[in-house]
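Laboratory data are not the source of any read-out in this text; all were calculated from the coordinates shown. Everything quoted here is computed from the prediction, not taken from an experiment. Heads up, the Cβs are rebuilt from the backbone with ideal geometry, glycines too, and the neighbour counts pull from every protein chain shown.
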Amino acid sequence: MKINKEIIQRYHIGQCSPEERELVEAWLMNDDVEWSYPEHVSLDHLENKGWEKLSGRFKFQQQSTAPLAEQTNTPVVSTFDTKRKKWSTSLGIAASLLLIAAAGYFFLNFQRYKNSPAVQYRQVAAKNGEKVTLKLPDGTLVHLNSGSTVRFPNRFPDTARMIDFSGEAFFDVAKDPSKPFYISTRNTSIKVLGTHFNLRCYPSEIFTAVVVAEGKVRFMGPKGHAHLILTANQMGLFSTPPVHDATSTGNMVKTNVYANKYTSWKEDQLILDNMTVEEILPVLERWYNVEVEIKNNRLIKERYTGSFLKPALTDVLESISFALKCHYKKNHQGSFIIY
C-alpha cells in the first residue's frame, strides 16, 4: 500500500483503516514530508515548488494534448494543469493538517515513551558557576551552560532519540537519518537529524530561543500548533503568553543573526547585549554562583551592553557601575549589592 491523496483525506477526517493510519503516520515522521508544509509560504510558491514532487508522489500524469490542438487550433488546458489548480487550495489546508498531525504524533509517542516503566533515564546537570560537556548514547555532544539540566534514556529506541531539557546548551547532534532527534522543553520542542545549534530555555525567562549554527532545525510551539524551520545563522524565538491569557499559545518569530554571538559562552565569553540590569542579574548569578541584589530601583530598567572574555565578577560589576553611574559592594554573606 502506498500513500495517496485519498488515504490522506480519509486520515484527516478519521475514516482510514488501522493499516492506513500506521502508513500515514510513518510517512509523516519521515523528513521527506517537510516540504509539504514550508513555513510562511504562499500558495503560488507552494504550487510552483511542490507540485512536481507532489505529482510524482501521487502518480499524477500529464496527458498529451498536441494532437487535439493541431486539429482544432484551439487553446487546450491539460488535465495536469487543471488538477494543479484544483489542488493549490487543498495543498494549503493539507499543509496545516499534516503539521498538526505530525506534531501530535510526536507528542503522543514522546509521552508514552517517557512514561514507560521499562525505560531507564539518566539526568545530568550543570550547577551555577560551572559548565559540563557530555556525550549521549548516540554520540551527540551536549555542552551545558550553568544552571542547566538534560534528561535522557540510557538507550535510545530504534525509531527516535528523545530527551528533556531545561537551561541553555549547545547541541552537536550525531547524524542518523533513521532516528530523528527530539528535544522537549517546558513549552516547545525541537526536531533535527544532525546539526549544531544553541537552545536556551531557562525556567525564570519568558522565552525559548534556538540559534542554528549548522544544518536545519524544526522548532515547534506548544503541542505543535506553530512551527519554524530554521537554518544556519537563524534564530527562532518563542515568547510565553501572559499568564492571564489562557487562550494564547504564545508567539514565534524568526530572525537572521550571527550565530557565534549566541554560542560564545562555550568559550567563556560573556556577552551582555542591550540588557536591563534586571535581566543581567540572573545571568551573573548563574555564571558566578553568587547572589546579586539591586538596592536602587532606578537601575532596574537601565540598559547595559558589554563583552568580556573569562572575566572576574568584579570586572563586570566595575564596568556596569561606570556605565550606569552607580556603585557595588560585597557584603559579609558573600553576595554583591548594586546601589
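Evaluate the distance, in nm, between pseudo-label points positioned 7 Å from the Cα of ALA312 and of ASN251 along their respective Cα→Cβ axes.
About 4.2 nm, to one decimal.
If each of ASN274 and TYR258 carries a label point 7 Å out from its Cα toward its Cβ, how far apart are those two points in nm?
So the two model labels end up 1.4 nm from each other.
Past 29 Å, Cα to Cα: identify those pairs from LYS135/LYS191; LYS191/LYS310; LYS127/LYS329, in the order given.
Pairs exceeding 29 Å: LYS191/LYS310.
Got a sec? How would SER335, SER184, SER189 order by Cβ neighbour count within 10 Å, fewest to most?
Listing SER335, SER184, SER189 from fewest to most nearby Cβ atoms yields SER335, SER184, SER189.
Would you tally the net charge around VAL292, using a Cβ to Cβ cut-off of less than 15 Å, leaving VAL292 out, and scoring K and R as +1, D and E as -1?
Taking every Cβ under 15 Å from that of VAL292, the sum is -4.
Quick one: divide the alpha-carbon radius of gyration of the stretch 121-262 by 2.2 N^0.38 Å and tell me what you get.
1.00
For the pair SER239 and ARG303, what calculated FRET efficiency results from E = 1/(1 + (r/R0)^6), where r is the Cβ-Cβ distance and R0 = 22 Å, to the nearest 0.05?
Calculated transfer efficiency: 0.70.
Calculate the tail of P(r) for the stretch 119-193: the fraction of all Cα-Cα distances greater than 19 Å, expressed in %.
Of all Cα-Cα distances in the stretch 119-193, 29 percent exceed 19 Å.
Most exposed first by the Cβ proxy, i.e. fewest other Cβ within 10 Å, how do PHE238, PHE156, PHE219 rank?
In order of increasing Cβ crowding within 10 Å: PHE156, PHE238, PHE219.
How would LYS179, LYS329 line up from fewest to most surrounding beta-carbon atoms within 10 angstrom?
Least to most surrounded, the residues fall as LYS329, LYS179.
State the three equivalent ellipsoid semi-axes of the stretch 268-338, derived from the C-alpha gyration tensor as the square roots of 5 times its eigenvalues, in descending order and whole Å.
16, 15, 11
Once fully extended, how much extra length lies between ASN296 and GLN123, figured as 0.36 nm per residue of separation less the alpha-carbon to alpha-carbon distance?
The ASN296-GLN123 span can extend by a further 58.4 nm.
Grab the other residues whose beta carbon is less than 11 angstrom from that of ASN128, score K and R as +1, D and E as -1, and report the net.
0
Grab the other residues whose beta carbon is less than 12 angstrom from that of ASN154, score K and R as +1, D and E as -1, and report the net.
+2
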